[in-house]
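Report on the structure given below.
Where a number appears in this text, it was derived from the coordinates with a stated rule and is not lab data. Not measured: the values here are computed from a predicted model. Ideal geometry is used to build each Cβ from the backbone, glycine not excepted, and the neighbour counts take in all protein chains shown.
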Amino acid sequence: MVERRPWLTVLSHAVLILGVLVVAFPLYLTLVASTQTSQAIVQSPMPLLPGGHLIENYTAAWNGTGGGSGSKAPVGQMMMVSLISALIISLGKIAISLLSAFAIVYFRFPFRMFFFWAIFITLMLPVEVRIGPTYKVVSDLGMLNSYAGLTIPLIASATATFLFRQFFLTVPEELVEAARMDGAGPMRFFKDVLVPLSKTSIAALFVIQFIYGWNQYLWPLLVTTNENMYPVVIGIKRMISGGDSEMQWNIVMATAVLAMLPPALVVMLMQKWFVKGLVDTEK
Amino acid sequence: MASITLKNVIKRYGNGKSANQVIHGVSAEITDGEFVVIVGPSGCGKSTLLRMVAGLEEISSGDISIGNRVVNDLEPSERDIAMVFQNYALYPHMSVFENMAYGLKIAKVPAQEIAARVDKAAKILEIGPFMSRKPRELSGGQRQRVAMGRAIVRQPQVFLFDEPLSNLDAKLRAQTRLEIQKLHRELGITSLFVTHDQVEAMTLAQRMMVMNAGVMEQFGTPEEVYNRPATTFVAGFMGSPPMNLLKNAPDAPPNTIVGVRPEHLDITPTGWGLKVEAVEMLGAERLTYGRWTHGAADELVIIRTEEHHVAPHVGHTICVTPRPEKLHQFDAATGKRKDGST
């Protein structure tokens, strides 16, 4: 709206500020809690201003020396596991969906539409639905507590295939023909023309899939039983032992803050590309 | 350099009974170094024919040879041809230099030679200053030049142009037309040029192929096509305004369509009596639209006179006489020219 009404400006700002407060308050609380002692947090009401234990809480979380009765896996190592899995998942997804979209759009092979629909229908089958059989397969193949087990079942992606298919359909036919005249074979065309043209889509997808991989909870919960293979999201859960024992909430919150950083960083650094990938087609 | 031979070339889509034939057996010889324009209304199959020569469409039947080599089953890149596309089809993510060099790079031409060839083409086309720009940073005319440059650096036997001027504005089109002519004179490469624009066809062609509904109606020099159209279609398609085709001319043999171009009708004291319906002043010349009613016939006749002639008044009746040596006769049933040789 481009109306010039002062009270509208005030109102819209008020709504926005309210929205930011609602979204940001839990985040703020986490930050505050991660700088207090565990005793301070359980007081009622809990302090709403940062305390003075920031450095010791974060070092404790990072090295896994936080005490408490739950899991004490060091956050540094768990973040490494998370990072590697998220990277494998996002890069694997991009590679596989680029190739399958390429096949579906540019090649005329028998049952082409069947394969397209087969891929498309799996859109409706998220990991949770097929979790039983998938677990069985993964455990039979001995992939429990391994990166392969953590990532491979999550790599196949109908969404990304579909996204690339839609993008490839907008690439002008004449470009394909020009490449044929230039003597570029299919893979050459893929590598030299299609992939460079898709780079903004790839970037957008990378951001989405990295966060998707990083935030995986249910699947790693099933396939990791060894502390060395906990992703950080699972790590947080395992730190909370439940029961009556004293909880090191300050360490848990510090871990949560650390776990939030990489996805936030990816979004911030890739923001320009991310928006470009979703908005323009650059043609 | 190479000649192109089309031998009874047929294109159909689909199989069996549902097949839809779009090119009905075109045969033609294009000699080495010739500039041939394929012209026709949209949907006449001219682009399909060109794309068959290029190897982008399969040939359903018949043979196409380039330089005595049948190319039916060769990939486009193996036919030793280069094509300029209507929308230029430049790779958007590559610089002008990379666009022009891409084909050579794939053909594994040494980098030094690529640079030399691209440089030479850039000099001919005067696109030197843009070599490191991306296509989106260029104007339409510049893109067009880059597309031509990409064709030139390959040093092909044959150039194929698929309506390359249709995205340019009128002024640039006229200028580019001259440049294409100059380029052809300098390089002397056999060229096939598809267009729907008859001015382009008339000005560029050494010989032109007039197509209609998948059939080649006439293949000849622009003069032949204009002065001795082989069919009523060619007579009506070439020339603006088109030739007057009269179904009931008074002193014509039966079943004959008489054709006369608007500029070959003179306003005279006696002759065919026309009731003037409209007059258009075009600057150097004037078009007069007259209704001619005689017997059962009622035909619209267009006359082109020079600007200094007296302007007829709308609603008045004028008399016109055709120049006898400029009359054309066509068979009413087949539409073919009557005096045999075309």
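Within chain A, the ratio Rg/Rh, alpha carbon atoms throughout and Rh by Kirkwood, equals 1.07.
Only one residue of B:312, B:103, B:294 has its Cα farthest out toward the positive end of the dipole of the protein assembly as shown, where Lys and Arg carry +1 and Asp and Glu -1 on Cβ, and that residue is B:103. Distances between every pair of Cα atoms in the protein assembly as shown, grouped in 10 Å steps from 0 to the bin holding the largest one, split as 3, 12, 16, 15, 14, 12, 10, 7, 5, 3, 2, 0, 0 percent. Computed from Cα positions, the angle between helix A:112-121 and the longest principal axis of chain A comes to roughly 20 degrees. Across the range B:259-273, coupling constants 3J(HN,Hα) worked out from phi with the 6.51/-1.76/1.60 Karplus curve, θ = phi - 60°, read x, 8, 6, x, 7, 9, 10, 10, 7, 10, x, 10, x, 6, x Hz, and Gly and Pro carry x. With helices as the sole contributors, chain B gives -7500 deg cm²/dmol at 222 nm; each DSSP H run of n ≥ 4 counts as -39500 (n - 2.57), and the sum is divided by every residue. The calculated FRET efficiency for the pair residue B:263 and residue A:267, based on their C-beta separation and a Förster distance of 56 Å, comes to about 0.20.
Scalar couplings 3J(HN,Hα) for the range B:233-242, obtained by applying the Karplus form with A = 6.51, B = -1.76, C = 1.60 to θ = phi - 60°, are 4, 4, 4, x, 7, 8, x, 9, x, x Hz; x denotes Gly and Pro. Placing pseudo-labels 7 Å out from each Cα toward the beta carbon at residue A:106 and residue B:61 gives an inter-label distance of 3.4 nm.
Calculated FRET efficiency, residue B:199 to residue A:118, Cβ-Cβ distance, R0 = 41 Å: about 0.15 to the nearest 0.05. In the structure shown, the pairs B:182/B:338; A:199/B:108; B:17/B:338; B:11/B:108; A:136/A:191; A:93/B:108 are assessed against 28 Å; a Cα-Cα span above that value is assigned to B:182/B:338; B:17/B:338; B:11/B:108; A:136/A:191; A:93/B:108. Calculated mean residue ellipticity at 222 nm for chain A: -21500 deg cm²/dmol, from DSSP H runs with n ≥ 4 weighted as -39500 (n - 2.57), summed, divided by the residue count and rounded to 500. Every Cα-Cα pair in the range B:241-331 was counted, and those over 17 Å apart are 45% of them.
About its Cα centre, the range B:218-342 has a charge dipole of approximately 280 debye under the convention of +1 per Lys or Arg Cβ and -1 per Asp or Glu Cβ, with nothing else charged.
Compute the helix-to-body angle for A:54-63: its Cα long axis versus the longest principal axis of chain A, expressed 0 to 90° and rounded to tens. Approximately 60 degrees, to the nearest 10. Distances between placed amide hydrogens fall under 5 Å for residue A:248 paired with A:69, all partners being 5 or more residues away or on another chain. Take each residue in B:89-96, count the other chain C-beta atoms within 10 Å of its C-beta, and the mean is 5.
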